[in-house]
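Q: The structure that follows is given in the form of structure tokens.
The values are calculated or read from the model by the stated rules, or taken from the named source; none is laboratory data. Here the structure is a predicted model, which is why all the values come from computation and not from measurement. Cβ atoms come from the backbone with ideal geometry, glycine included; neighbour counts cover every protein chain shown. Protein only, heavy atoms only, side chains kept; ligands, DNA and RNA dropped before computing areas. Shrake-Rupley method; radii C 1.70, N 1.55, O 1.52, S 1.80 Å.
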Amino acid sequence: MRINACLWGGAYNPIIPVFKTTPKAWKTIYSSRTKGVEVAQGYIRFFEPDVFVEAEAGLLEEIGLGALRKNHGMHPQVGLLADLLKPRDGREWAELGFGLSMHDVFSYLYEKEERFEARQPVTHLLIKPEKSNAMVEAMFGAYPAQKDADYFPKNYKNIFEPKEMKATPSAWREAFKKVTKTPISLTTHGLEKKRFWHHDLTIFVFDSSKPTDLIDLWNMRLEPRPVLPVPIAWFSELLEEIKGVIKKEFRPVRGNPNGVMHNATIEMARSIDKNKAEELRGLLGTDFPAGALSLKLWRTPVWEEHVDDFVYRDRRLEVTAAETRVRLDIKEDGKSNTLSFEALSPEFADTYGAHDYRWINAVRLSLYGAKDKLATTLPFNTFDRKWPPLAMLGGDEVAVGTEGWIYSQRFKNSTETINLLTNENAISGALRRLGVEAKLSEPGRIAKQMLDHLGGLWSVNVLADLETIQLLNKMAGGLRRRVVSTGVIEETFERRTARVKDWTDLISRRKAKKTLPRVELEGFTRRNLIVLGLETECPKCQALNWHSLSNVDYQISCERCLNSYDFPQANLRQGNENWHYRVTGPFSVPDYGRGSYSALLTLRALTCLGGLDNEFTYSPAMELKFDGIDAEADFIALRSKGTFDHETPPDLLIGEAKSLGQGDLIKPKDLKKLKAIAKKLPGAFVVVSVMRDHFTKGEKKILTSFVNWGRRKDKHGRATNPVILMTSHELFVDHLISPTWKELGPPYANFADYNHTRDLHSFADSTQQIYLGLQPLFYVRSEARKKRLAKRAKATPKA
């Protein structure tokens, strides 16, 4: 705590408790099955520290952070508490191993403020620490007693001329009732705290003799609600001040016409039992308006990982010194894609520093134009930062979390470079961390080429029509392989053409549907899905030949017999029927582009779920290898809940997409493969789609069994591998899925509201009810619980 008074932002450095035996004061909070390592990891997920300082060696390994010590980045991200503030490089004075020294802040404030006479002077306090506890350190801040760091308290005294006091209620009144600075509050200089109207004051009553209470008090500064600490030993003496604070806090919410009021909450520390808490509450009396005061007898469980978005829960307090939005150009050299930006720096920081973690820049990217090639949605790497490689070669390991991508800073006004990953590299790297080797398959390369022609996933809307897909497939040609009992049969057939009228009529029908965005014929020609040419008949072999505008001539050659013949200038078909379109590039691949159409349409439909702000990292079909198993997925994706939601890691999706066909398209072997992949990747969503408007009876039977297997409980009580089912109704969605379901009527319309499509879990549950007639998962779980309770009651002998 004392060293934090020497660090800029030190008030917001959390303390992560590591224990094997639960402290007595905390036993009522954790269940008997909760392990200390789980609590510590929960704190880490909540606070997401940029660097770690161990109180003693080995704690990192004890809580699952050993990878941070083993990783070989250019600059260590872990250190020992004993080494955090000590002399370095032969100097006699101690320097910090992490963070920005308050010495820089002192110098800046002296030059800008303290050497001048202020109109409204700020009082500074220096409270003498007590030997029996760390109350002063936790409430007011105190400097280290070591001689080689005595320049911190000396400079504080020389510059600010603080009022020195003992730790008494009078010191509390000075610190919290006036415009006063203390060593710990001064560490927040220049920092903005993001709070909202509902973040009302918490008056935290604690026992200063309990280290567990002091840890809670310290960590509460990183929760959004402002905290007013009150030692239990001073409660009676500070009674009038506490009452005054409560009454002052009870005021109308600005701009709210419904009479909503702010109010204070008195929270009792975990060491204070209920009877004592009620006694303290009684001392305050009842001289308050109704609703002015709330009593809280529990600690907010920030260490718990919550997944239910129906209940609002505060996240960590967002603390920033500066923010900016810039437009950057991507630099491509054939091997890498990079972005460079001018890093933000504190105004008061010295240009140079002794180490590389003085402050950090948190970066959030939104790519336009390149978002279908480069990855912005990546898994969080809180416990192992070796991947992804987002810094330049040999640079620091970059943390990925709720704040974004974290780049440490050493020099003031420096330039930072971001190394961007392609979608395929991001997906294969993410899977490699989970023990799965992945690479693009042949269908994946075809789909990737299609995306290059289309210009990205959003432009797949030109394919979102059954007639269009059928016409493109009818025009396709090339090599087709079919597996039969005797082996593999290869069939070669020529590409077909389609009349201009066929396409203009198709576009007219699509326009009549008033889809968004509007579909134009130019959208197909400009993206080189189809190209215009002239069709003629060879007079020698009667084969139909198609000639592009670049190779048509008065003498043309037959593609079949290779003989030359004259262009039929005097024998053209009526109504310009010689003009025909032909598919080109990857769109000439038969069998619906080897399944690429259905995979791309499924990916597009997933971006139309809930809203249009979903960040998406994806790869078309990939070959997977793990645990001696070879499998293929038609697509793999990482999907965030939305551009404005950075609170949770992205969801992983594994897709199986089928095109048109007769009979059962989903086979038992397909689900066997998906089951093997899902077993390896618990938590991943499995998406099964077909390019027709229903599943067959046979498909429903095997899918029901597969879905029920995917519904097995995870640690949060949700489905371990939720299965999403999609048909042409979703694949050919116009704009958003909810309005489409509403227009379709029952049973789809029953699930058209936001609650059924707000996230992938609810969407999966809805599609299972629509297409398989299954009961909602919560109902199944509730009925199973009732049966267990009834069985248990029946087995219990009556008294």
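Q: On a 0 to 90 degree scale, rounded to 10, what angle separates helix 211-220 from the longest Cα axis of the chain?
A: It works out to around 50 degrees.
Q: Antiparallel DSSP bridges in the chain: what percent, to the nearest 5?
A: Roughly 70 percent of the beta bridges in the chain run antiparallel, per DSSP.
Q: Once amide H atoms are built 1.01 Å from N in the peptide plane, which residues 5 or more positions from L228, or in another chain, come under 5 Å H to H?
A: Distant-sequence amide H within range of L228: T202, I203, F204.
Q: Okay, next question. Ranking request for peptides 458-466, 210-218: highest mean number of other beta-carbon atoms within 10 Å first, then the rest in descending order.
A: Listed from highest to lowest mean packing, they are 210-218, 458-466.
Q: Relative contact order, percent, of the stretch 496-589 when contacts are C-alpha pairs under 8 Å separated by at least 6 residues?
A: Numbers: 112 pairs, mean separation 33.8, N = 94.
Averaging sequence separation for qualifying contacts and normalising by length gives 36 percent for the stretch 496-589.
Q: When the accessible area of the chain is split by element with a 1.4 Å probe, what percent falls to carbon and sulfur?
A: Reported share for carbon and sulfur atoms: 50 percent.
Q: Further, regarding this structure: Residue by residue through the stretch 464-470, what is 3J(HN,Hα) from phi via Karplus (6.51 cos²θ - 1.76 cosθ + 1.60, θ = phi - 60°)? Round to whole Hz and write x for glycine and proline.
A: 7, 7, 4, 4, 4, 4, 5
Q: Something else now. Which shape class, rounded, prolate or oblate, goes with the stretch 131-205 when its Cα gyration tensor gives a ≥ b ≥ c as root eigenvalues, a/c under 1.5 marks rounded, and past that a/b bigger than b/c marks prolate? If you can, show how the numbers build up before the last one.
A: On the way: a/c = 1.89, a/b = 1.48, b/c = 1.27.
It comes out prolate by the Cα gyration axes.
Q: Hey, can you find the accessible area per residue of the chain for me, probe 1.4 Å, expressed in square angstrom?
A: 51
Q: Okay, helix-only estimate at 222 nm for the chain: each DSSP H run of n ≥ 4 adds -39500 (n - 2.57), divide by all residues, round to 500 deg cm²/dmol; what do you get?
A: -8000 deg cm²/dmol
Q: Give the lysines reachable from K20 as a straight Cα distance under 17 Å; neighbours fewer than 8 places away on the same chain don't count.
A: Once the sequence-local lysines are set aside, what remains near K20 is K35.
Q: Here's a follow-up. What residues qualify as long-range amide H neighbours of Y618, i.e. H under 5 Å apart, gap of 5 or more or another chain, H built at 1.01 Å from N?
A: Hits under the 5 Å cutoff: L638.
Q: Out of the DSSP beta bridges found with both residues in the stretch 652-799, what percent are antiparallel (nearest 5)?
A: On the way: 1 of 11 bridges.
Approximately 10 percent, going by the DSSP bridge assignments.
Q: Tell me which aspartates and glutamates have Cα within less than 19 Å of K474's Cα, excluding those fewer than 8 residues away on the same chain?
A: In chain and number order, the partners are D465, E490, E491, E494, D502, D505, E535, E577, D591.
Q: In whole percent, what relative contact order does the stretch 1-159 give with Cα contacts below 8 Å and a gap of six or more residues?
A: Worked out over the stretch 1-159, it gives 27 percent.
Q: Taking the structure as given and computing Kirkwood radius over Cα pairs in Å, which label from (i) 30.1; (ii) 31.2; (iii) 28.8 fits?
A: Recomputing Kirkwood radius over Cα pairs in Å here picks out (ii).
Q: From the cross-link list K210/K276; K193/K248; K128/K157; K331/K439; K675/K713, which pairs have alpha carbons spaced over 18 Å apart?
A: K193/K248; K331/K439
Q: Any idea what angle helix 697-710 forms with the longest principal axis of the chain, computed on alpha-carbon atoms, 0 to 90 degrees, nearest 10?
A: Taking Cα atoms only, the helix is inclined about 20 degrees.
Q: Mind listing the phi-derived Karplus ³J(HN,Hα) values for the stretch 597-602, rounded to whole Hz, using 6.51, -1.76 and 1.60 with θ = phi - 60°, and x for any glycine or proline?
A: Running phi through 6.51 cos²θ - 1.76 cosθ + 1.60 with θ = phi - 60° gives 4, 5, 5, 5, 5, 5 Hz.
Q: Please tell me the relative contact order of the chain in percent, rounded to the nearest whole number, where contacts are Cα pairs under 8 Å and at least six residues apart.
A: 9
Q: I'd like the Karplus ³J(HN,Hα) series for the stretch 781-788: coefficients 6.51, -1.76, 1.60, θ = phi - 60°, whole numbers in Hz, and an x wherever there's a Gly or Pro.
A: 3J(HN,Hα) across the stretch 781-788, in whole Hz: 5, 5, 5, 5, 5, 4, 5, 5.
Q: In terms of modelled amide H atoms, which long-range or inter-chain residues lie less than 5 Å from the amide H of L420?
A: Excluding prolines and chain starts, which carry no amide H, the hits are N337, T338, L339.
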